[in-house]
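Read the structure below first, then the notes.
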Amino acid sequence: LPSPIPWSLTQPVTPDLLVSPSSQDGDLGSECPEDRGNWTGRLDFLLSCIGYCVGLGNVWRFPYRAYTNGGGAFLVPYFIMLAICGIPIFFMELSLGQFSSLGPLAVWKISPLFKGVGMGTILIVSLVAIYYNMIIAYVLFYLFASLTSDLPWQHCGNWWNTELCLDHHVIKAGNNTLPVNISNTVSPSEEYWSRYVLHIQGSSGIGDPGRIRWNLCLCLLLSWTIVYLCILKGVKSSGKVVYFTATFPYLILVMLLIRGVTLEGAWKGIQFYLTPQFDHLLSSKVWIEAALQIFYSLGVGFGGLLTFASYNTFHQNIYRDTFIVTLGNAITSILAGFAIFSVLGYMSQELGVPVNQVAKAGPGLAFVVYPQAMTMLPLSPFWSFLFFFMLLTLGLDSQFAFMETIVTAVTDEFPYYLRPKKASFSAVICIALFLMGLILTTEGGMYWLVLLDDYSAGFGLMVVVITTCLVVTRVYGMKRFCRDIHMMLGFKPGPYFRACWMVLSPATMMALLVYNIVKYQPSEYGNYRFPTWAEVLGILMGVLSCLMIPMGMVVAVLQEEGTLWERVQQASRPAMDWGPSLEENRTGVYVASLAGSQSPKPLMVHMRKYGGITSYENTAIEVDREMEEEEDEEESMI
């Protein structure tokens, strides 16, 4: 460990490599934290964002939401909400991360009074990471189960099956002779999922978790091991893994799509998925559903986008990347709908039942309906393996982002101690979250997973995003924020972004929040209703992330001096060292505000380093001139 450091020097997170030449003759270099690191390849950031956003929800939530909310007509509110809510908030998060090169906790130097927002984000991400990796463990379980010549959920007659079990071969034979009543029967895949994989019959409810399922426990351990090995060296290692995990799902999706549309009855499913019912657009529920799909699909508010952008170079074109990722994510969701519903159409024809009777969302689609459909195809183990391998790669890169967010947030708070030991710290976090997730591997683990899924990232996440939006536009100031983006990209955001940030995005998210509270429904799993204490526990999970905001305010105010109002004002102003991490990128108000800085103008650093002025330095001169003009205006008004 380095020798004790004066308190004043523990604030900045600027590596010694990044201190201006004029300040390198002192002894500061030896007392600066280890370099934070950057992406090593040009596509690392873009592929990481695509991998993070394109996750399990694109496959198992979007197609179902589309068909229940007006089919093809759902695309109208979906793209409108993408424009109002998705793209602007996505761009705001990337801008905050790239401008400051800080994680979701340290970025609140922008307004220390609201540091609790960052704490709330970390709490939400930690809870989501616990259960998200359990879903990856289920996927691994099915992946290994597919490595056989005969899928174990293909037929009845196994020890876990009941008298209600009826497989599709019997139904098909029944169609040729007498109709079979399937209303009181259960498919082999459903019994395999609930009675063998989960062994849910061993638990009477959420208060009775039962025994640990050791095969699930080993799958969870394997999934955490994979995640740890991929984030071992931070973005340097995960940035390379995403070249595979972000692109390979597309190859499998195309294969599943081609196989799906060539099946008999596929058109029936696609028709069901896309037939527009425009009368649905008059319902507020459809618009809310579209906004929710955008909100969760893009992963705004979880800190992952901010974390990834913080490892960019200062002038990375995140404006272009925003549109590539958000539109790519939307197109992937629509494509996934074709792949899913073409197979569901074939399945409904095979079973002789309407498509709406086989269509499900969430785990029911991934672990019951689609595996059952796979058993009806020739080479069923091959298609099953491909499907679950696609789910594995889709889930892993989202999990990388959650873990990178937690690790980056904490190491940016304690750079001197934790950055040199980042690999060990990542291991501690992975082990802690694995141990917390052990309850999910019990016989009643699915009840806990549903509770976490319903409450961990519900209204708490919306409060975090709304607060972030309001703080950046109203407390920090829209003018300042646009000027920061001008410094980075060479242009200011247009009226579309400004209108969304000021009014449309926060108003839409407020409507979402109110709708969620008004239309609150207790959690359920199948026919099981959760007890009151479980509901209260779930609500507390959501409330706790919101409570972090006032708790953070109290701490920030206590650290200031003066009257209460003076303390609030001081705490809401940006910290002294807020701004770009490299001194040559600091212009105007950001000049020489880094500890140890002696350089009068960052432009001089550029000229010494590069021997000339580039287009970005011209932008810096423009920004400086604008600031001087604004200061003159303010003085004349006074």
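The values are calculated or read from the model by the stated rules, or taken from the named source; none is laboratory data. In this text the structure is predicted, and so the values were computed from the model without any measurement. With ideal geometry, Cβ positions are generated from the backbone for all residues, glycine too; neighbour counts draw on all protein chains shown. Heavy atoms of the whole protein, side chains included, go into the accessibility calculation; ligands, DNA and RNA do not. Shrake-Rupley method; radii C 1.70, N 1.55, O 1.52, S 1.80 Å.
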Review point. Just for helices (runs of 4 or more DSSP H) wholly inside the stretch 365-422: which have at least 3 residues that are within 23 Å of TRP153 (Cα to Cα) and among the aromatic types (Phe, Trp, Tyr)?
Key: 380-413
Point to revise | The listed residue being under 29 Å from the mean Cα position of the chain (by Cα), of a type in the set (Lys, Arg) and surrounded by 12 or more Cβ atoms within 10 Å (Cβ to Cβ), out of ARG586, ARG529 | key: ARG529
Check your understanding: So which residues in the stretch 407-420 are in contact (Cβ under 8 Å) with a residue 24 or more places away in the chain and open to solvent by 10 Å² or more (accessible area, probe 1.4 Å)?
Key -> VAL410, GLU413, TYR416, TYR417, ARG419, PRO420
Review point. Can you tell which of ALA432, ALA427, ALA423 is open to solvent by 10 Å² or more (accessible area, probe 1.4 Å), free of Cβ contacts under 8 Å to residues at least 40 places away in the same chain and among the small types (Gly, Ala, Ser)?
Key: ALA432
Exercise for review: Go through the stretch 73-83 and count every residue that is open to solvent by less than 10 Å² (accessible area, probe 1.4 Å) and under 21 Å from the mean Cα position of the chain (by Cα).
Suggested key: 2
Practice item. Would you mind stating whether VAL325 is among the β-branched types (Val, Ile, Thr), in a helix (DSSP H, G or I) and within 25 Å of TYR138 (Cα to Cα)? Key: no
**Study point:** Residue among GLY103, GLY86 that is crowded, with 23+ Cβ neighbours inside 10 Å, assigned to a loop (DSSP other than H, G, I, E, B) and in contact (Cβ under 8 Å) with a residue 12 or more places away in the chain
**Key:** GLY103
Revision key, fill the gap. Restricting the stretch 532-573 to residues that are acidic (Asp, Glu) and assigned to a helix (DSSP H, G or I), the one most open to solvent (accessible area, probe 1.4 Å) turns out to be GLU566
Review point. Of the residues LEU143, LEU147, which is aliphatic (A, V, I, L, M), in contact (Cβ under 8 Å) with a residue 24 or more places away in the chain and open to solvent by less than 30 Å² (accessible area, probe 1.4 Å)?
Key: LEU143
Practice item. Considering only the stretch 193-232, state which residues are charged (D, E, K, R) and in contact with a helix residue (DSSP H, G or I) (Cβ under 7 Å, 6 or more places away or on another chain). Key: ARG195, ARG211, ARG213
Study note, to complete from the structure: For the stretch 455-483, pairs from a residue that is closer than 13 Å to MET92 by Cα and without any contact (Cβ under 8 Å) to a residue 60 or more places away in the chain to a residue that is acidic (Asp, Glu) and buried (at least 22 other Cβ atoms within 10 Å of the Cβ), with Cβ under 6 Å and 6 or more apart or across chains, are none
**Study point:** Options GLY395, GLY444, GLY477; residue that is open to solvent by less than 10 Å² (accessible area, probe 1.4 Å) and over 30 Å from LYS240 (Cα atoms)
**Key:** GLY444
Review point. Checking VAL568 against (1) at pLDDT 90 or above; (2) under 30 Å from ILE200 (Cα atoms), which single condition isn't satisfied?
Key: (2)
Point to revise | Set GLY51, GLY86, GLY37, GLY41: member being touching a Pro at 6+ places or on another chain (Cβ under 9 Å) and closer than 30 Å to PHE314 by Cβ | key: GLY51
Review point. Can you tell which of GLY444, GLY458, GLY362 is at pLDDT 90 or above and either among the small types (Gly, Ala, Ser) or within 30 Å of TRP533 (Cα to Cα) (or both)?
Key: GLY444
Check your understanding: Do we have VAL471 as in a helix (DSSP H, G or I) and open to solvent by 10 Å² or more (accessible area, probe 1.4 Å) here?
Key -> no
**Study point:** Among (1) crowded, with 21+ Cβ neighbours inside 10 Å; (2) over 30 Å from ASP44 (Cα atoms); (3) not small (Gly, Ala, Ser), the one test that MET390 misses
**Key:** (2)
Practice item. Kindly list, by first and then second residue, each pair from a residue in the stretch 349-363 that is hydrophobic (A, V, I, L, M, F, W, C) to a residue that is in a loop (DSSP other than H, G, I, E, B), limited to pairs with Cβ atoms under 8 Å and residues at least 6 apart or on different chains. Key: LEU351/ILE182; VAL353/ILE182; ALA361/ARG61
Check your understanding: Of all the residues that make up the stretch 426-468, how many are part of a helix (DSSP H, G or I) and within 30 Å of SER505 (Cα to Cα)?
Key -> 16
